[in-house]
Amino acid sequence: MVMSRMDPIAPPREGDLMTATAVKPTRDEPKIRAKGVSVFYGDKQALFDVSLDMAEKTVTALIGPSGCGKSTFLRSINRMNDTIEGARVIGEIEIDGENINDRSIDPVLLRARVGMVFQKPNPFPKSIFDNVAYGAKIHGLASSKKEMEEIVEQSLERAGLWNEVKDRLHQPGTSLSGGQQQRLVIARAIAVSPEIILMDEPCSALDPIATAKIEELIDELRSNYCIVIVTHSMAQAARVSQRTAFFHLGKLVEAGETEMIFTNPRDSRTQDYITGRFG
């Protein structure tokens, strides 16, 4: 029986990301913990010794100038860098205490737990319904047509899109507006019941109205997910996140509560970036 997508996420089964002996961390422990993470693309080092904790039911914003390593770090959390020839990661990234780079970890199962939303909306050339159902079909999350319909409806509702598309589910996903396409992609990501959602500049291609809807959605989703977002917009980081991490030249300069980072940063480089002296 498939559980309601509005219910808390069930713990992984044996053979999924966590091993049978892994211990679920307490509420005070981070959902994601990076420890001494460095990333190389061939001979070029893109990320230097990054250590950062990201909490459950919290939005963590990664800010910094272009080319500073934000997206590289984000892609490391679900091993998207594995798809780049010559890329290698040193250090550990743990989810619920389990090192995701361990050889025993199946990256396909990992990416089901760690959803990804990219800069530009990328709906599949399929119907709205099939876009959302795609991952659920692959992972066998529905045993009947009715259960699949429930997954699609609940995912679209959670993404704030159901009322706009419920009468045209069999039209192409590409027929939607840019903002609707991005919410469709978010619905597709959450249809497989992830625990973490990664967002890489999810609003950069959207107009202000669509951006506001995505930001409202992020705020609603954080009650159920750990969210990590890369953004060039410091105003957006201030609006949607509870914690912020500032990257510069491939290094993590500082991280902390968003209000503290924006009003009383410890490092002068953070202050200079926030006040527009560089970036």
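Taking the alpha-carbon distance from residue 146 and a cut-off under 19 Å, which lysines remain once sequence neighbours fewer than 8 residues away in the same chain are dropped?
Within the straight-line cut-off, residue 146 pairs with 137, 166.
Report, in degrees rounded to the nearest 10, the 0 to 90 angle that the Cα long axis of helix 208-221 makes with the longest principal axis of the chain.
Tilt of helix 208-221: around 80 degrees.
With +1 on each Lys and Arg Cβ and -1 on each Asp and Glu Cβ, how big is the dipole of segment 227-279 about its Cα centre, in debye rounded to the nearest 20?
It works out to roughly 100 debye.
Where does helix 128-138 land angle-wise versus the long Cα axis of the chain, in degrees 0 to 90, nearest 10?
Approximately 80 degrees, to the nearest 10.
How large is ³J(HN,Hα) for each residue in segment 36-42, as worked out from phi by the Karplus curve 6.51 cos²θ - 1.76 cosθ + 1.60 (θ = phi - 60°), to whole Hz, x for Gly and Pro?
Once rounded to whole Hz, the list reads x, 7, 10, 10, 10, 10, x.
To the nearest 20 debye, what is the magnitude of the charge dipole of the chain about its Cα centre, counting +1 on the Cβ of each Lys and Arg and -1 on the Cβ of each Asp and Glu?
The dipole magnitude comes to about 420 debye.
Please list, in chain and number order, the residues 5+ apart from residue 204 or on another chain whose amide H is under 5 Å from its amide H, with Hs placed from the backbone.
Counting only residues 5 or more places away or on other chains, the set is empty.
Apply the Karplus parameterisation 6.51 cos²θ - 1.76 cosθ + 1.60, with θ equal to phi minus 60°, to every residue of segment 253-261 and state each ³J(HN,Hα) to the nearest whole Hz, in sequence, with x for glycine and proline.
These are the phi-based 3J(HN,Hα) values: 7, 6, 8, x, 4, 4, 4, 5, 4 Hz.
Based on the mean of other beta carbon atoms within 10 Å per residue, what is the order of 142-149, 259-266, 174-181, 111-118, most packed first?
Put in order of decreasing packing, that is 111-118, 174-181, 259-266, 142-149.
Residue-wise, which Karplus ³J(HN,Hα) couplings in Hz belong to segment 106-123, taking 6.51 cos²θ - 1.76 cosθ + 1.60, θ = phi - 60°, and x for glycine or proline?
Once θ is set to phi - 60°, the couplings for segment 106-123 become 7, x, 5, 5, 4, 6, 6, 7, 10, x, 9, 10, 8, 4, 9, x, 10, x Hz.
Cut-off is 10 Å between beta-carbons; in what order do 165, 152 appear when sorted fewest neighbours first?
165, 152
Does anyone have the angle between helix 145-158 and the longest principal axis of the chain? Alpha-carbon axes, 0 to 90°, nearest 10?
The angle comes out near 40 degrees.
Once amide H atoms are built 1.01 Å from N in the peptide plane, which residues 5 or more positions from residue 247, or in another chain, come under 5 Å H to H?
63, 64, 253
Once each part is reduced to its C-alpha centroid, what is the distance from segment 155-175 to segment 211-268 in angstrom?
29 Å
Going by how many other beta carbons lie within 10 Å of each one, how would you line up 75, 88, fewest first?
Neighbour counts put them in this order, fewest first: 88, 75.
Given charges of +1 on the Cβ of Lys and Arg and -1 on the Cβ of Asp and Glu, with all other atoms neutral, how large is the dipole of segment 148-251 about its Cα centre, in debye to the nearest 20?
Here segment 148-251 has a charge dipole of around 340 debye.
Give the lysines reachable from residue 251 as a straight Cα distance under 16 Å; neighbours fewer than 8 places away on the same chain don't count.
35, 44, 70
In Å and on Cα atoms, what radius of gyration and Dmax does segment 171-256 show?
Just the Cα atoms of segment 171-256 yield Rg and Dmax of 13.9, 46 Å.
Can you list the residues, at least 5 places off or on another chain, whose amide H is less than 5 Å from the amide H of residue 67, using H built in the peptide plane?
Sorted by chain and number, the residues that satisfy this come to none at all.
Here, each number is a calculation from the coordinates, and none is a lab measurement. It should be emphasised that the depicted structure is a prediction, and the values quoted were computed from it without experimental measurement. FYI the Cβ positions are ideal-geometry reconstructions off the backbone, even for glycines, and counts take in every protein chain you see.
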